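The values are calculated or read from the model by the stated rules, or taken from the named source; none is laboratory data. Worth saying up front: this structure is predicted, and the values here are computed from it rather than measured. Cβ sites come from the backbone with ideal geometry, for glycine too, and all protein chains shown count toward neighbours. Calculation scope for accessible area: heavy atoms of the full protein, side chains included, ligands and nucleic acids excluded. Shrake-Rupley method; radii C 1.70, N 1.55, O 1.52, S 1.80 Å.
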Amino acid sequence: MSNHDLVINRKMARQNGIVQPLLTDLYQITMAYAYWKSGKVNDVAVFDLFFRTNPFQGEFTIFAGLEECLKFLENFHYSDSDIDYLMQTLPDNIEPEFYAYLKDLTCKDIKLSAIEEGSVVFPRVPLLRIEGPLIVAQLLETTLLTLVNFASLMATNAARYRMVAGKNVSLLEFGLRRAQGPDGGLSASKYAYVGGFDGTSNVLAGKMFNIPVKGTHAHSFVTSFSTLQDISSAALRHAETQEQCDLLQLAADWRRRISAILDVSPDEASDGELAALISYAVAFPTGFLALVDTYDVKRYTSPGPRINGHSGNNSNCGSNVNRIPDSAYGYSTVERTLRSGLLNFCAVALALNDCGYRAVGIRIDSGDLAYLSVLARNTFEQIAEAFKLNWFAKLTIVASNDINEDTILSLNEQGHKIDCFGIGTHLVTCQRQPALGCVYKLVEINGQPRIKLSQDVGKVTIPGHKEAYRLFGADGHALIDLLQRSSEPAPIIGQKVLCRHPFQESKRAYVIPSKVEHLYKVYWSEGRICVRPKPLSEVRARVQASLRTLRQDIKRNLNPTPYKVRCQVAVSDDLYSFIHDLWLQNAPIGELS
């Protein structure tokens, strides 16, 4: 094995210490003993891992978590302390030989096939197919589900935010403090990046997954300064000449000069806030991005006419649903908001410019984000024109404050000027739908198909060892996913294929594919990884490439078109007959009396 492969192996072995064989439900281990006691040690099973419904009222899902599943298989082993704990926990009648059996278990006889991580996937199409010894495959169930469920849900949620924000707006994940515990926070950061976010505030996630880390300061930093006397040092060396600059003197001069442009008296601005921004700029002269809404000192004039439901004097903190006043009315109905923060930021930014540095921008964390972003952009453009500083007009505007998909859609309608969204709670908790609902079902045992029947047709499983193919239409877009029995020949480009609803006889259609994609690859076999997981950056790119294969109407936020018209998944004619023959064989025959 090469040194490169050794390095990769070491990286793969770096797994969350919580992900281990005991991260499972008790019934998996009790079933394993019952299998063992029943003499089923040599039985060979096939399990499918899939979900039944797309999340967030959408029509697509992003598959994620495969790399962590492979790490789990690679490291699967019951330690001595695991065995000791089980011996103390399970009933006393458990035979000691069973614990010896568990101690020697590995995944060397397991075969795992999967769809490529980062792919668009759909209900009922297995994401993972696990083949091997029944007991081992059963023991993998809960852990594989927990590794796939949240990862796929989170990546899907992030991809939806990316679509509504558009490709020209940056997205930052700010959710660690709101996540469901530290493991939820780490996973959220990782899979938000996979789904299309550009960075995270989570430093550990940055280290572990090589995700860009971003952040500025909190309101507490600003409120920790009271007066200009709180500045310990305002000295800053010029970026080019290395001459000493007095940032306080420069900022104070600039604040007086630009107060007329912003129609704000310097006396209205907070000196404590100016002291905080100067201190932060001295610390980070090349990365000065300041929070500017700590002191909300706006004052109202007469309400004026209502425009698109906006009276011109509504801060509407957090809801972001009011329309911006028509440009014809300007901003005469309300005095400039963010009066202190914008004035102080611009003063410090211009002082930094005198010292050879360029500020990055501002963050707004409250109020009517659409209105305030336009106000800030207009302010930057005014100053840029007044002092012939073109770059000033393009300063970055970051918005946070409990943002969700609907907020961004509303802001888009209002013509916001936000360059970057920082999103936390709604993203990392998947607040609109907190679970994907993947399941893990036995579909074959010792070469014999198995089917789970239910009065709820949605819970009937599709039996047997299957292959999945994605068929593309003449326009190049993905048209339908087709499940076939593994013994059937693959669909052929240009040849008619009969695609059937698995449970409704009348729903069927012919498809002539322009392209056929076999969805499964063998990722784990004979105790080793067969296909190396791709770097996170490539998985992230795969998400966007896979989404581009779908028509726009399938991806839209409101009333999306179902991917597979009138059915959850298509099956071949042969598989359809196979399902229904097995159904009749297993369904009990009632008796009338």
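Peptides 212-222, 178-188, 34-44: what's the order by average Cβ count within 10 Å, highest mean first?
Sorting 212-222, 178-188, 34-44 by mean packing, highest first, produces 178-188, 212-222, 34-44.
Compute the semi-axes of the equivalent ellipsoid of the stretch 337-431, taking the square root of 5 times each eigenvalue of the Cα gyration tensor, and list them largest first in whole Å.
Whole-Å semi-axes of the equivalent ellipsoid: 27, 14, 11.
Take the alpha carbon atoms of the stretch 480-561, find their radius of gyration, then divide it by 2.2 N^0.38 Å using N residues; give the quotient.
1.43
Just the accessible area per residue of the stretch 454-593, please: how many Å² with a 1.4 Å probe?
Accessible area per residue: 55 Å².
Positive end of the dipole of the chain, charges at C-beta (+1 Lys, Arg; -1 Asp, Glu), about the Cα centre: which of F72, A205, I589 has its Cα farthest in that direction?
The residue sitting most towards the positive pole is I589.
Could you sort out which of K214/K555; K207/K515; K108/K214; K190/K417; K167/K207 sit more than 31 Å apart by Cα distance in this structure?
K207/K515; K108/K214
Accessible area per residue for the stretch 335-452 in Å², computed with a 1.4 Å probe and the full protein assembly in place, what is it?
33
Once you treat every alpha carbon in the chain as an equal point and sum by Debye, what is log10 I(q)/I(0) at q = 0.06, 0.12 Å⁻¹?
For the chain, the Cα-only Debye profile gives -0.43, -1.14.
Taking the chain as the reference, fit the longest principal axis to its C-alpha atoms, fit the long axis of helix 181-195 to the helix C-alpha atoms, and give the angle between the two in degrees, 0 to 90, nearest 10.
Taking the Cα atoms of the chain, the angle to 181-195 is about 90 degrees.
Give the angle, between 0 and 90 degrees and rounded to the nearest 10, that separates the Cα long axis of helix 141-165 from the longest principal axis of the Cα atoms of the chain.
Rounded to the nearest ten degrees, it is 40.
Between helix 369-387 and the chain, what is the angle of the helix's C-alpha long axis to the longest principal axis, kept within 0 to 90° and rounded to the nearest 10?
With both axes taken from Cα atoms, the answer is about 50 degrees.
Counting only protein heavy atoms and a 1.4 Å probe, tell me what percentage of the chain's accessible area is made up of carbon and sulfur.
Carbon plus sulfur share of accessible area: 50 percent.
Taking the alpha-carbon distance from K564 and a cut-off under 13 Å, which aspartates and glutamates remain once sequence neighbours fewer than 8 residues away in the same chain are dropped?
Cα-Cα hits under 13 Å: E59, D481, D553.
If I stretch the segment between V213 and L90 completely, what's the gain in nm (0.36 nm per residue apart, minus their alpha carbon distance), one decimal?
Contour length minus Cα-Cα distance gives 39.8 nm.
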